[in-house]
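The values are calculated or read from the model by the stated rules, or taken from the named source; none is laboratory data. Fair warning: this is a prediction, and the values are worked out from it, not measured in the lab. Cβ atoms come from the backbone with ideal geometry, glycine included; neighbour counts cover every protein chain shown.
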Number of protein chains: 2
Amino acid sequence: MTAVLRTALPNAVGLPLVDGSNLESLVNGVLAGDARRIGQAITAVEQEGGSPSLLQALFPKTGRAQAVGITGPPGAGKSTLVQRMAQAYRRRGQRVGIVAVDPSSPFTGGAILGDRIRMAEIYTDPGVFIRSMATRGALGGLARATWDAVDVLDAAGYDVVLIETVGVGQDEVDIVQAAETVVVVLVPGLGDDIQAIKAGLLEIGDLFVVNKSDRDGADRTAAELSMMLDLSGKADWRPPIIRTVAPRNEGVEEVIDGISAHTAFLTKTGQNALRRERRTRARLLALLDERFRRTVQMQPADRDGLAEAVARVVDRREDPYAATARLFDRLFREPVVR
Amino acid sequence: MTAVLRTALPNAVGLPLVDGSNLESLVNGVLAGDARRIGQAITAVEQEGGSPSLLQALFPKTGRAQAVGITGPPGAGKSTLVQRMAQAYRRRGQRVGIVAVDPSSPFTGGAILGDRIRMAEIYTDPGVFIRSMATRGALGGLARATWDAVDVLDAAGYDVVLIETVGVGQDEVDIVQAAETVVVVLVPGLGDDIQAIKAGLLEIGDLFVVNKSDRDGADRTAAELSMMLDLSGKADWRPPIIRTVAPRNEGVEEVIDGISAHTAFLTKTGQNALRRERRTRARLLALLDERFRRTVQMQPADRDGLAEAVARVVDRREDPYAATARLFDRLFREPVVR
């Protein structure tokens, strides 16, 4: 009744876009810091399933770059702040990679970041690499792709990688998990939903920036934030609240100094090892998850019972939980535990 | 070398919070429309893994309610609009359930929706049930819980279920997938990130609302939106753009009429069957996914090799892709395909 097919899982998932000869020149190009090759490498990791062979080749050369996440609600002026931060790092002699991740374009497969144009000042600097990313498929691999892109830029020799993402949801939390230090950017007067926004961001922020601080309400936003941080009871590291006016470069050096202080704190307390472990765990779980989704969705619909299960639930002949239990047991006969 | 353990998967995942005797009174209470029982039922489905036994009991009684999703960026005035929509449905003799989902509180486990207070007018109406939800765990079951909550309210006899969610990312897309018709709410002058926001929301909106239309820039927002809809080439259903000033009740009836027109369109063209199938498929995949994550994460860390794999990747003795392939093959020996 039940036929067992041994599908070649390592090939079924993450088909490399990059073949052998191609791979070598791509790897060498990335390691040499060739911007065109770096761009091609990020395109490869952006695809559904990523590019395992490329990542496997680059991975031993990673581990040197510092990854900083910058997140916050739309309209907080993150792009300008990121540009100013990149310039500040450049003045300190650091090479900077910027990955702008846009989880709000789930279907279009193209990041539309209208304000990229304002980054013109740093576009021409060879010490800065800028890349926008959006999810290519519906399988939720954007966090995985961000991690991979950070690895590419790390292997290419960038000292700092800034991960910029628009938004305040679980997507963004997943994405900034690739960073060692997370900067949350807020602005005065975001309206009614500010309380909801802060609740989520409060826990992931290592630094808080009140941008556009020349606007009315900046004092109140900073005071509210400070109160919420008091209540949250973060004992060991009290996230600083830094006011900026990014276009005028006000407060930007303080942000960079705050990030350095956080790095020093992580090192001194040994928390960096703990964080690295937690992040790696999250990364492996995300990869496992993507692999699972691809395995399920790539099975022919008429053979894995998914289509049949959908029909049964639609007709109310079976409830979703019973259908899932049946599908799960059918797809994976039994877990093998060492 | 490899020991095979048959773990009781149906029990390992989604342990019911609700035991036998408890279950019966809960089910009966929900079916009788008892608000306290409905609240308890939603609390049960909100937990990690949900409450399969409860859902299985209620599922045969569902399928009557109309689910409408309302989403858009923070500050768009969605809560007030939802309140006004609920009142409009009440005037038409319909009972209304409201599920306000907040994916921006991933860790706190509590929805902080400051503007709930403004809903006071409808809180006292027994024909309206309001509930805020936030994700309880880190396993991403919020979309699954939303689906289940809609089922609870459906079984309880509510004619319309309004699913309100704050945000513009993949989370929100997943959440509003539980709805048959999706209303996207925008406001004039959202700032720089508006292009990025629109790109993502454009594809999920069946109706667009420009709320706070008494503000400057409403014409421009509506015109831009109209242009983007022209370009998107949605041939069969052209999403209407409706202007509202929710606190003054302006345009709210038009929104309700627009939703009815969309429902009629889906029925007439037979697309409702197609949508139902697509939504059910997404629901089963979300359930499978949650089950997979729970299975992986609930394995003892020292036995499933995850902790060891994390250590190997942290030390750069193995790359993340190789570690994932090894873990995947170890957890699931082989997929069984009929």
Q) So residue B:143 fits all but one of (1) of a type in the set (A, V, I, L, M); (2) modelled with pLDDT under 85; (3) touching a strand residue (DSSP E or B) at 6+ places or on another chain (Cβ under 7 Å); what number is the exception? A) (3)
Q: Considering only the stretch B:20-43, state which residues are surrounded by 18 or more Cβ atoms within 10 Å (Cβ to Cβ), touching a Gly at 6+ places or on another chain (Cβ under 9 Å) and farther than 13 Å from residue B:150 by Cα.
A: B:37, B:40
**Q.** Residue check for residue A:60: more than 19 Å from residue A:163 (Cβ to Cβ) and either of a type in the set (Val, Ile, Thr) or touching a Phe, Trp or Tyr at 6+ places or on another chain (Cβ under 8 Å) (or both)
**A.** no
Q) If residue B:215 passes every condition in (1) assigned to a loop (DSSP other than H, G, I, E, B); (2) within 26 Å of the chain's Cα centre (by Cα); (3) surrounded by fewer than 23 Cβ atoms within 10 Å (Cβ to Cβ); (4) at pLDDT 85 or above but one, which one does it miss? A) (2)
Q: Sort out for me the helices (runs of 4 or more DSSP H) sitting completely within the stretch A:238-332 that have 3 or more residues that are more than 7 Å from chain B (Cβ to nearest Cβ).
A: A:252-269, A:271-298, A:306-314
Q: Any chance you could count how many residues in the stretch B:22-75 are acidic (Asp, Glu) and not in a helix (DSSP H, G or I)?
A: 2
